[in-house]
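Participant: Please find one structure pasted underneath; my questions will follow.
The values are calculated or read from the model by the stated rules, or taken from the named source; none is laboratory data. All values derive from a computational prediction rather than experimental measurement. Cβ placement follows ideal geometry from the backbone for every residue including glycine, while neighbour counts extend to all protein chains displayed.
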Amino acid sequence: MAIYNNSPEVQTLFSAPVKVKEGKNGLLLYIHIPFCKQKCNYCSFFSQVVSAKYYTLYIDTLCKEISLWGERLERPLVETIFFGGGTPSLLDLGQMERILTQISYSFSLATKKEISMEVNPESAQNKMYYRGLHSLGINRISFGVQTFSASMLQVLGRLHTVEQVVHAYESARSAGYNNISIDLMMGLPGQKLRDWLYDIDQVFTLNPEHVSAYGLTIEKDTPFEKMLEHGKIIMPKEREQSQMFLHGIQRLEEYGYIQYEISNFAKIGKHCQHNSGYWAGRDYLGLGASAVSTIGKRRFRAPSDIGAYATAVENNTIGENFEILTKEAQDKEWAMLHMRTVKGLSLLEYEKRMGKKLLEEKDKFIQGLYGKNFIRVINKHLCLTKKGMLVSNSIIESLFF
Ligand code: SF4
């Protein structure tokens, strides 16, 4: 378990130079753009609906923060950059250029780097915009599509139409993008298996390189929470959701998308390097309001309030309230993240890190899971079967916590 520690001893530790983990891998950089045109009914991410004039002020702060971390970390190597939000595509090309220029001043960029950007289809229809992004070095676009059902898009509170998805996608393609991802959501209110498979079929007609498919969860303090309470939306039954997950994987695989993590599928060589870095337990630096970072043993989160974030950057106190992850917490997290991947957890690596053999330590429990076809050992890796992925959280929890 991670221990939050804000003691003077830890504060002293912070004032020592922060070193990125040694190794051949560079840092993963995440940039949070916390603005949206409208809040979706299910959203619990930190994003605000504000006038566009605030974007410039936010970017001023963000550039200061980039510069500050560049100095603190002594201009470390960055291998992937991910612009997430919120809606990064609300920023214009000049604003994106400012951020990227500051990043290239403050960090060393790997020659072969992945730079992804989340795009909401309605906010970026124009081919010239994608051409501009491409020439700035952004080489991967991730479209927040969620569904191809017009009525469901309205229920979700999304602003785009199905036609805008197709148009944005084609604009990006014709601007030269050969690495495009589409985000879908399953288990939507009133959704049936056939609706979900229709969404996957529509993805295939577009033919992106990557698909993310997350199950909808009803988060606290969202409009969906109230709508569910008042019977205004009805969620699919658990059995239906399981069917969607299993048949969805099968359909995606038939279309040539290889599952590499519970919710992620890609054509050969097109997996998301940034997210794969998280699952491999690499260091990441999150910049912007509410962004989370893990550098070595330290984990910290920027304030989820734009004013407080700006103050922390101005006062050079950003990242000061960090928690120290114990070795045990880091090891457990590492094991847990690997179990989410299709490749699974290396049993040899586990033994090296923990000093014990997992198959012996959890002998009876693992045998039980094996008998129920929830897990398998393949190439000395413990991995979840597709059936096991349906109950991944409880299996992982019981294995490591
Ligand atoms: S676009 Fe994304 S971040 Fe913005 S409100 Fe919708 S789900 Fe949330």
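Participant: Checking the structure you have, find out if any residue of the range 137-160 is part of a helix (DSSP H, G or I) and either at pLDDT below 95 or closer than 15 Å to Ser171 by Cβ (or both). First the steps, then the outcome.
Facilitator: In the first step, residues of the range 137-160 are kept if they are part of a helix (DSSP H, G or I); the result is 150-156.
Still in the list and also either at pLDDT below 95 or closer than 15 Å to Ser171 by Cβ (or both): none.
No, every residue in the range 137-160 fails to be part of a helix (DSSP H, G or I) and either at pLDDT below 95 or closer than 15 Å to Ser171 by Cβ (or both).
Participant: So, one more: What about Gly319, is it in contact with a strand residue (DSSP E or B) (Cβ under 8 Å, 6 or more places away or on another chain) and among the small types (Gly, Ala, Ser)?
Facilitator: On the way: in contact with a strand residue (DSSP E or B) (Cβ under 8 Å, 6 or more places away or on another chain): yes; among the small types (Gly, Ala, Ser): yes.
Yes; evaluated as a whole, the condition is true for this residue.
Participant: Being in a loop (DSSP other than H, G, I, E, B) and either away from the ligand (no atom under 16 Å from the Cβ) or touching a Lys or Arg at 6+ places or on another chain (Cβ under 9 Å) (or both) is the filter; apply it to the range 59-90 and report the residue that is nearest to Arg140 (Cα to Cα).
Facilitator: Here the answer is Thr87.
Participant: Could you tell me which of the residues Ala266, Ala289 is in contact with a His (Cβ under 7 Å, 6 or more places away or on another chain) and either more than 18 Å from Ile141 (Cα to Cα) or without any contact (Cβ under 8 Å) to a residue 24 or more places away in the chain (or both)?
Facilitator: Values: Ala266 fails: either more than 18 Å from Ile141 (Cα to Cα) or without any contact (Cβ under 8 Å) to a residue 24 or more places away in the chain (or both).
Of Ala266, Ala289, the one residue that is in contact with a His (Cβ under 7 Å, 6 or more places away or on another chain) and either more than 18 Å from Ile141 (Cα to Cα) or without any contact (Cβ under 8 Å) to a residue 24 or more places away in the chain (or both) is Ala289.
Participant: Hey, another quick one. Working only within the range 114-140, note down all residues that are surrounded by fewer than 19 Cβ atoms within 10 Å (Cβ to Cβ) and among the basic types (Lys, Arg).
Facilitator: Lys127, Arg131
Yes/no per residue for (1) of a type in the set (Phe, Trp, Tyr); (2) in contact with a helix residue (DSSP H, G or I) (Cβ under 9 Å, 6 or more places away or on another chain); (3) modelled with pLDDT under 95:
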{"site": "Tyr284", "(1), (2), (3)": "yes, yes, no"}
{"site": "Tyr370", "(1), (2), (3)": "yes, no, no"}
{"site": "Arg376", "(1), (2), (3)": "no, yes, no"}
{"site": "Lys387", "(1), (2), (3)": "no, yes, no"}
{"site": "Ser392", "(1), (2), (3)": "no, yes, no"}
{"site": "Glu397", "(1), (2), (3)": "no, yes, yes"}
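Participant: State whether the residues of the range 145-167 include one that is of a type in the set (S, T, N, Q) and within 21 Å of the chain's Cα centre (by Cα). Reasoning before the result, please.
Facilitator: Within the range 145-167, the first condition is being of a type in the set (S, T, N, Q), and the residues that meet it are 146-147, 149, 151, 154, 161, 164.
This time we only want the ones that are within 21 Å of the chain's Cα centre (by Cα), so: 146-147.
Looking through the range 145-167, at least one residue is of a type in the set (S, T, N, Q) and within 21 Å of the chain's Cα centre (by Cα).
Participant: Report, by residue number, each residue of the range 32-53 that is farther than 23 Å from Asn126 by Cβ and either outside the structural domain of His160 (by TED's automatic domain parsing) or outside any loop (DSSP other than H, G, I, E, B) (or both).
Facilitator: Residues satisfying the conditions are His32, Gln48.
Participant: Is it fair to say His271 is touching a residue at least 40 places away in the same chain (Cβ under 8 Å) and of a type outside the set (Gly, Ala, Ser)?
Facilitator: Here the answer is yes, as His271 does meet what is asked.
Participant: Scan the range 196-219 residue by residue and report those that are polar (S, T, N, Q) and either within 28 Å of Ser171 (Cα to Cα) or touching a helix residue (DSSP H, G or I) at 6+ places or on another chain (Cβ under 7 Å) (or both).
Facilitator: Scanning the range 196-219 gives Gln202, Thr205, Asn207, Ser212.
Participant: Okay, moving on. Consider the range 171-195. How many of its residues are more than 21 Å from the chain's Cα centre (by Cα), within 17 Å of Ala213 (Cα to Cα) and among the hydrophobic types (A, V, I, L, M, F, W, C)?
Facilitator: Residues in the range 171-195 being more than 21 Å from the chain's Cα centre (by Cα), within 17 Å of Ala213 (Cα to Cα) and among the hydrophobic types (A, V, I, L, M, F, W, C): 1 in total.
Participant: A follow-up question, please. Which pairs turn up if I take residues in the range 294-316 that are within 23 Å of Leu57 (Cα to Cα) and look for partners that are at pLDDT below 95 and of a type in the set (A, V, I, L, M) with beta carbon separation below 9 Å, at least 6 apart in sequence or on another chain?
Facilitator: Hits for this filter: Ile306/Val50.
Participant: Among the residues of the range 74-88, write down those that are hydrophobic (A, V, I, L, M, F, W, C) and crowded, with 20+ Cβ neighbours inside 10 Å.
Facilitator: Val78, Ile81, Phe82, Phe83
Participant: Has the range 276-285 got any residue that is assigned to a strand (DSSP E or B) and more than 20 Å from Gln102 (Cβ to Cβ)?
Facilitator: no
Participant: Can you name the residue in the range 335-366 that is among the small types (Gly, Ala, Ser) and in contact (Cβ under 8 Å) with a residue 24 or more places away in the chain and is also surrounded by the most Cβ atoms within 10 Å (Cβ to Cβ) among such residues? Show your work before the answer.
Facilitator: Narrowing the range 335-366 to residues among the small types (Gly, Ala, Ser): 335, 344, 346, 355.
Applying the additional criterion that residues be in contact (Cβ under 8 Å) with a residue 24 or more places away in the chain yields 335, 344, 346.
Details: Ala335: 21, Gly344: 19, Ser346: 16.
Result: Ala335.
Participant: Right, here's the next one. Taking into account only those residues within the range 220-234 that are in a loop (DSSP other than H, G, I, E, B) and out of contact with any helix residue (DSSP H, G or I) (no Cβ under 7 Å at 6 or more places or on another chain), which is surrounded by the most Cβ atoms within 10 Å (Cβ to Cβ)? Can you show your working first?
Facilitator: The initial filter retains those residues of the range 220-234 that are in a loop (DSSP other than H, G, I, E, B), namely 220-222, 230-234.
Next cut, out of contact with any helix residue (DSSP H, G or I) (no Cβ under 7 Å at 6 or more places or on another chain) only: 220-222, 230-232, 234.
Values: Lys220: 6, Asp221: 8, Thr222: 18, His230: 8, Gly231: 7, Lys232: 12, Ile234: 10.
Residue satisfying both the conditions and the ranking: Thr222.
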